[in-house]
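The values are calculated or read from the model by the stated rules, or taken from the named source; none is laboratory data. It should be emphasised that the depicted structure is a prediction, and the values quoted were computed from it without experimental measurement. Quick reminder, even Gly has a Cβ in these numbers, built from the backbone with ideal geometry, and neighbours come from all protein chains shown. Remember, those area values only see protein heavy atoms, side chains included, never the ligands or the DNA or RNA. Shrake-Rupley method; radii C 1.70, N 1.55, O 1.52, S 1.80 Å.
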Amino acid sequence: MKPRKEISCRKSPTIETIAIGDELLIGRIADTNSRFIAEELFRVGYRLSRKTVIADDIATIQATLSERVRWADVVVISGGLGPTSDDKTVDAIAKLLQTTVITHLPSKTQLLKAMALRGRTVNQHTLKQVTFPKGTDPIMNCVGFAPGFSVQIGKSWCFFLPGVPAEMKAMFVTVLAQIEQLFGGSEKILSRTWKC
């Protein structure tokens, strides 16, 4: 009897999104970020397994992320990074990781230059958007000012991006490259649509 030929198959990572924002839950705006992420993942051969939309609430952000990292290999979180009082993602994750919030100096320099050119003053609320949790890896925002950041929680790689679509899209290029580096290339999924 001939020995069976073993076929090795790389497991595709489980990838989820969490969109943060009260405005998403009251129907003021649609969650276009998760749709864009799903399309970009599909384009290179990955598939989004779950989308979650939650409120701008520290306890909700912590509870949702703590639950999802038990199941997902990758979680991409958008929203809650910025200067306003409802931007709570940085504080929520800093508390979850039991660390402090620090200033991302390259983003601060970029912000100060832009504000000076516009003749606008900088205050503590303005500077809030250039912070990130200590111990995480910052992701530079070349379109806006709020840096993203990434961190591994358990087995899950978590990427935090601004909710502003233009900023998120520009930064997701970096995230997608990191996902491919972590999990290897994936076979592209062919899709055809017939209109009858």
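Can you say whether residue 183 is surrounded by fewer than 19 Cβ atoms within 10 Å (Cβ to Cβ), at pLDDT below 95 and among the aromatic types (Phe, Trp, Tyr), as far as the supplied structure shows? It is true that residue 183 is surrounded by fewer than 19 Cβ atoms within 10 Å (Cβ to Cβ), at pLDDT below 95 and among the aromatic types (Phe, Trp, Tyr).
Within the range 131-140, does at least one residue satisfy the condition of being free of Cβ contacts under 8 Å to residues at least 24 places away in the same chain and open to solvent by 70 Å² or more (accessible area, probe 1.4 Å)? Yes - at least one qualifying residue is present in the range 131-140. Looking only at the range 116-130, decide whether some residue is hydroxyl-bearing (Ser, Thr, Tyr), open to solvent by 60 Å² or more (accessible area, probe 1.4 Å) and not in a loop (DSSP other than H, G, I, E, B). No: zero hits. Helices (runs of 4 or more DSSP H) fully within the range 5-110 that include at least 1 residues being open to solvent by 40 Å² or more (accessible area, probe 1.4 Å), farther than 24 Å from residue 130 by Cα and of a type in the set (Lys, Arg): 32-43. Screening the range 141-177 for residues that are in contact (Cβ under 8 Å) with a residue 60 or more places away in the chain and assigned to a strand (DSSP E or B) and picking the one that is most open to solvent (accessible area, probe 1.4 Å) gives 157. I'd like to check something: does the range 70-80 contain any residue that is modelled with pLDDT under 95, acidic (Asp, Glu) and closer than 27 Å to residue 49 by Cα? Within the range 70-80 (the criterion being modelled with pLDDT under 95, acidic (Asp, Glu) and closer than 27 Å to residue 49 by Cα), the answer is no, since none of the residues qualifies.
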